[in-house]
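Following: one structure in structure tokens, then a few remarks.
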Amino acid sequence: MALTLESGALFALLAGGTLLLTGLVAGGIAFLVFNLDRERRYVDESVLTPAAAADGGSVALPRLSAVSESVIHSGVVEAPPSLGMSHNKLGMWTFLSSEIMFFTALIGAYVAFRAIGDLVPEHLNVVLSGVGTFVLICSSFTVVLALDAVQENNQQNFVFYLLGSILLGAAFIGIQGYEWAELMSHGVTATSSLFGTAFFVMTGFHGLHVIIGLVWLTLTLLRAFRGDFTPKDNMGVETFGLYWHFVDVVWIVLFTIIYLIQ
Amino acid sequence: MAATTYPGSAVTRRASLVDWLTTVDHKKIGIMYVILAFLFFAAGGTLALLIRWELALPGQQLLDADQYNKVFSMHGTTMIFLFVIPMLVGLGNYFVPLQIGARDMAFPRLNALSLWMTVGGGILLYSSWLVPGGAAAIGWTGYAPLTSTTFSPSSSVDLWAIGLIVLGSASTAGAVNFIVTTLNMRAPGMTMWRLPLFTWSVLVTAFMVLLATPMLSGALAMQLADRNLGTQFFVPESGDPVLWQHLFWFYSHPAVYIMVVPAMGVISEILPVFSRKPIFGYSAIVWSSIAIGVLGFTTWAHHMFTTGLSPLLESFFILSTMIIAVPTGVKMFNWIFTMIGGSLKFDTPLLFSIGFLSMFLIGGLSGVFQAVLPLDRQLHDTYWVVAHFHYVIFGGTVFGLVAGAYYWLPKMFGFKLGEGLGKIHFWLMFIGFNLTFFPMHILGLLGMPRRYFDYPAERGWTEYNLAATIGAFIILLAFLVFLVNVIMSAIRREPAGDDPWEGNTLEWATTSPPPVHNFDRIPVVSSLRPVRDARLRLAGEPVEDELH
């Protein structure tokens with residue numbers, strides 16, 4: 001016997017219903033059985049302090065077995081980072097290696113399309129983009145100078161170079177916007193050809209990274225005004241620098257494969 | 001003995017619902033990942049039962065072709081992205097900081113963000129049922145040009161792609177967190193060569209996630225641009241649909257190892273504890289994990305042998321696929337020799353571990369068969385492949401995960417799970433699993449293609465399909481037994497104590513469940529098995545340090 005379900009709505013009901021039902025059952029278990037309360041379950045009356053007992057027994061101290069006790073006994077209160085490096089810095093390096101793979105997918109598509117033989121349009125403005133590249137490299141340099149300034153506690157130069165980096169980054173975005181508009185006015189768009197497809201998506205994602213960087217940079221500047229960064233504590237600037245240099249390097253690769261190798 | 005209070009010992013209070021929703025504690029986040037994973041396991045499992053119900057007999061049973069396409073597509077996507085991976089992340093979240101003697105993950109707030117992004121990604125994926133045209137019917141592989149607006153006009157494909165990008169970003173953020181935690185937050189004396197094998201496996205997996213997932217995100221971004229902005233990446237007339245396959249499998253083949261390596265880590269923790277022996281060849285297991293992590297990136301195009309590759313590439317991918325079986329084989333020997341000569345305690349975790357070994361062996365070997373190109377051309381897209389990857393992912397990973405659940409739930413919730421029901425769960429799952437998936441090998445050899453919603457009666461496929469359907473419902477029964485076991489054990493609440501299994505690693509040197517700060521003092525480690533050594537020292541027995 002064939003029992004046919006009529007529509008997708010019934011499926012939504014089925015899948016959603018299962019999910020909801022299981023959710024309710026699991027939620028019920030969590031509330032009633034586990035009591036959403038993993039800490040209190042092993043209250044041993046003997047370790048309750050009088051104050052805690054008066055509080056209805058909701059306060060307890062953990063009780064360890066003899067083995068656990070002996071492992072913990074020789075321990076230390078806090079452990080330094082195993083690699084002697086801040087979490088933020090290590091985390092940023094790790095994250096950037098992931099970003100490399102993201103751009104590899106986009107660049108891989110572009111290279112594959114070029115291999116198929118898709119033609120590069122003649123309207124690419126190498127000189128203008130060369131200027132843009134120079135501007136972005138300069139902004140990386142000013143970020144280095146900003147970090148250097150804050151490490152020497154020169155707050156005035158620090159703010160100055162941060163501001164300079166913002167202006168240079170914004171100038172790069174402006175140049176990119178002009179280049180996009182120029183290409184579009186010549187009929188090169190994301191839908192016109194394979195080149196357009198890969199070009200606009202690739203440079204678009206890069207531009208997005210620059211804009212995110214600019215937002216981060218502006219927040220850093222506001223924090224700098226507040227005096228958050230000192231010679232001892234400037235990891236926020238250093239981590240941002242890593243990101244910004246990465247975005248810069250990605251652009252150099254893009255500039256090379258789009259504009260220089262035609 | 002009386003409890004000693006150290007300075008800074010936490011005075012705890014009841015955790016409210018708001019505490020859970022806003023927590024940055026790796027243990028609470030880990031538990032929420034596990035609950036999330038089981039919810040989606042129930043949803044994906046329901047879809048699997050619908051598939052088996054439809055295929056039980058020739059002719060239409062329950063679903064029409066279009067509904068069937070949606071059901072198997074969402075089954076695959078759910079099980080991979082919303083069950084297996086969140087489950088592994090959950091266990092990793094809970095136990096990596098405990099095993100390395102840390103108080104939390106390196107970035108607790110990022111950790112909470114990953115969890116809630118996973119929830120959001122799951123909601124996005126499942127909301128695709130609600131748009132006109134129903135859920136994405138594109139297989140879990142989403143091949144171009146099937147995903148183009150021409151063939152899949154429904155916006156469910158966009159929801160599918162956006163959901164996967166969100167899930168991918170969550171696991172990338174999680175990977176950064178795991179890597180920094182493992183490398184930078186080890187307790188004093190915990191060198192890389194004293195790292196517990198589960199933590200090692202999570203570290204290797206995190207690197208694979210870190211480098212593979214962005215490829216999928218990039219490909220999905222291109223797919224979305226094709227569908228919504230009119231770009232031509234995967235358009236057959238002008239673009240390159242095969243590019244999608246390359247990018248997709250560049251992620252999705254490592255994803256197989258992303259799913260199985262942590263389960264291997266779980267097994268490597270359980271076997272020595274229940275054999276009362278040190279692990280056989282600790283460094284061989286570590287190096288083979290690393291080898292799998294690296295080689296996993298070199299085998300992706302073996303999924304594309306029937307797409308058409310140059311003969312040179314074909315030979316390369318045949319070879320790399322065979323080579324990656326070597327480190328896996330090394331592990332097999334390590335695990336078996338860990339058990340040989342040990343005094344085995346056949347508790348539920350060990351039973352499931354042995355289930356993992358035997359089932360994963362079958363899945364691994366049938367994978368090597370498919371590396372042989374002439375054979376692969378015959379087996380590609382038949383039920384043989386379905387049998388193969390279920391032996392790897394279900395027979396391997398899920399058995400490993402359940403073994404981990406029986407091993408670690410006492411630590412997470414403080415009570416023991418019932419052994420009797422646990423053994424019933426194991427045997428039901430073992431029999432049900434084999435009854436479901438072994439006949440699929442034969443179906444594949446008989447030529448039954450995957451992803452078809454129906455088959456003719458005269459092909460002689462009916463008996464095997466019926467057996468598989470019966471097996472699927474036995475698996476359902478097995479998990480119901482598991483659910484009953486958890487509920488009954490929670491009500492019975494038999495205290496587990498700090499260390500119910502006489503374990504080796506640091507998670508057994510704190511209360512069950514551990515306090516928010518894990519350890520009153522950070523332990524100082526001087527060997528591979530600190531808790532076992534402390535136990536021997538306390539009993540006045542000699543501690544021969546045969547390992548590091």
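The values are calculated or read from the model by the stated rules, or taken from the named source; none is laboratory data. Small disclaimer: the values here were computed from a predicted structure and weren't measured. In this analysis, Cβ positions are derived from the backbone assuming ideal geometry, glycine residues included, and neighbour counts consider all displayed protein chains. Ligands, DNA and RNA are stripped out before the accessible areas are found, and what is left, the full protein with its side chains, is counted by its heavy atoms. Shrake-Rupley method; radii C 1.70, N 1.55, O 1.52, S 1.80 Å.
Of the residues B:LEU528, B:LEU538, the single one that is more than 7 Å from every other protein chain (Cβ to nearest Cβ) and open to solvent by 10 Å² or more (accessible area, probe 1.4 Å) is B:LEU528. For region A:208-225, filtering for residues that are under 15 Å from A:LEU167 (Cα atoms) and open to solvent by less than 10 Å² (accessible area, probe 1.4 Å) leaves 4.
Somewhere in region B:190-208, is a residue free of Cβ contacts under 8 Å to residues at least 60 places away in the same chain and among the charged types (D, E, K, R)? No, every residue in region B:190-208 fails to be free of Cβ contacts under 8 Å to residues at least 60 places away in the same chain and among the charged types (D, E, K, R). Only residues that are over 19 Å from B:TRP116 (Cα atoms) and either at pLDDT 95 or above or not in a loop (DSSP other than H, G, I, E, B) (or both) were counted in region B:1-42, giving 1.
One residue alone among B:PHE430, B:PHE437 is among the aromatic types (Phe, Trp, Tyr), surrounded by 21 or more Cβ atoms within 10 Å (Cβ to Cβ), touching a helix residue (DSSP H, G or I) at 6+ places or on another chain (Cβ under 7 Å) and within 15 Å of B:LEU357 (Cα to Cα), and that residue is B:PHE430.
For residues in region B:489-503 being facing another protein chain (nearest Cβ under 10 Å) and hydrophobic (A, V, I, L, M, F, W, C), which is farthest from B:ILE270 (Cα to Cα)? Going through the qualifying residues, I end up with B:ILE491.
When you scan region A:144-157, do you find a residue that is open to solvent by less than 20 Å² (accessible area, probe 1.4 Å) and closer than 24 Å to B:SER238 by Cβ, even just one? So far as region A:144-157 goes, no, none of its residues is open to solvent by less than 20 Å² (accessible area, probe 1.4 Å) and closer than 24 Å to B:SER238 by Cβ. Of the residues making up region B:405-427, those that are surrounded by fewer than 21 Cβ atoms within 10 Å (Cβ to Cβ) and not in a helix (DSSP H, G or I) are B:LYS416, B:GLY418. Quick check on region B:367-375. Is at least one of its residues open to solvent by less than 20 Å² (accessible area, probe 1.4 Å), touching a helix residue (DSSP H, G or I) at 6+ places or on another chain (Cβ under 7 Å) and either modelled with pLDDT of 95 or more or not in a helix (DSSP H, G or I) (or both)? For region B:367-375, residues open to solvent by less than 20 Å² (accessible area, probe 1.4 Å), touching a helix residue (DSSP H, G or I) at 6+ places or on another chain (Cβ under 7 Å) and either modelled with pLDDT of 95 or more or not in a helix (DSSP H, G or I) (or both): absent. When B:ILE522 is tested against the conditions (1) open to solvent by less than 10 Å² (accessible area, probe 1.4 Å); (2) within 20 Å of B:MET190 (Cα to Cα); (3) touching a helix residue (DSSP H, G or I) at 6+ places or on another chain (Cβ under 8 Å), the lone failure is (3). Would you check if B:PHE207 is crowded, with 19+ Cβ neighbours inside 10 Å, among the aromatic types (Phe, Trp, Tyr) and in contact with a Ser or Thr (Cβ under 8 Å, 6 or more places away or on another chain)? So B:PHE207 does not fit the description; no. Out of B:PHE453, B:PHE473, one residue alone is touching a residue at least 12 places away in the same chain (Cβ under 8 Å), surrounded by fewer than 22 Cβ atoms within 10 Å (Cβ to Cβ) and assigned to a helix (DSSP H, G or I). It is B:PHE473.
For region B:183-196, the criterion of being hydrophobic (A, V, I, L, M, F, W, C) and in contact with a helix residue (DSSP H, G or I) (Cβ under 6 Å, 6 or more places away or on another chain) is met by none of the residues. Entry remark, region B:151-189: residues being closer than 24 Å to B:TRP116 by Cα, of a type in the set (S, T, N, Q) and touching a residue at least 40 places away in the same chain (Cβ under 8 Å) number 6 in total. Among the candidates B:PRO241, B:PRO196, the residue that is more than 9 Å from every other protein chain (Cβ to nearest Cβ) and either crowded, with 24+ Cβ neighbours inside 10 Å or of a type in the set (A, V, I, L, M, F, W, C) (or both) is uniquely B:PRO196. Looking across region B:99-121 at every residue that is facing another protein chain (nearest Cβ under 9 Å) and under 22 Å from the mean Cα position of the chain (by Cα), the one that is least open to solvent (accessible area, probe 1.4 Å) is identified as B:ILE100.
Any idea which residue in region A:164-204 is nearest to A:ILE137 (Cα to Cα), counting only those that are within 14 Å of chain B (Cβ to nearest Cβ) and touching a helix residue (DSSP H, G or I) at 6+ places or on another chain (Cβ under 6 Å)? Checked region A:164-204; the qualifying residue nearest to A:ILE137 (Cα to Cα) is A:MET202.
Hey, can you tell me all the residues within region B:223-238 that are of a type in the set (A, V, I, L, M), assigned to a loop (DSSP other than H, G, I, E, B) and within 7 Å of chain A (Cβ to nearest Cβ)? Result: B:LEU229, single match.
For region B:384-398, the set of residues classified as open to solvent by 10 Å² or more (accessible area, probe 1.4 Å) and small (Gly, Ala, Ser) is empty.
Within the set B:LEU401, B:LEU344, B:LEU361, B:LEU350, the sole residue that is surrounded by fewer than 20 Cβ atoms within 10 Å (Cβ to Cβ), out of contact with any strand residue (DSSP E or B) (no Cβ under 9 Å at 6 or more places or on another chain) and part of a helix (DSSP H, G or I) turns out to be B:LEU361. Taking B:LEU319 as meeting all but one of (1) open to solvent by 50 Å² or more (accessible area, probe 1.4 Å); (2) touching a helix residue (DSSP H, G or I) at 6+ places or on another chain (Cβ under 8 Å); (3) not small (Gly, Ala, Ser), write down the number of the exception. Only one criterion is unmet by B:LEU319, namely (2).
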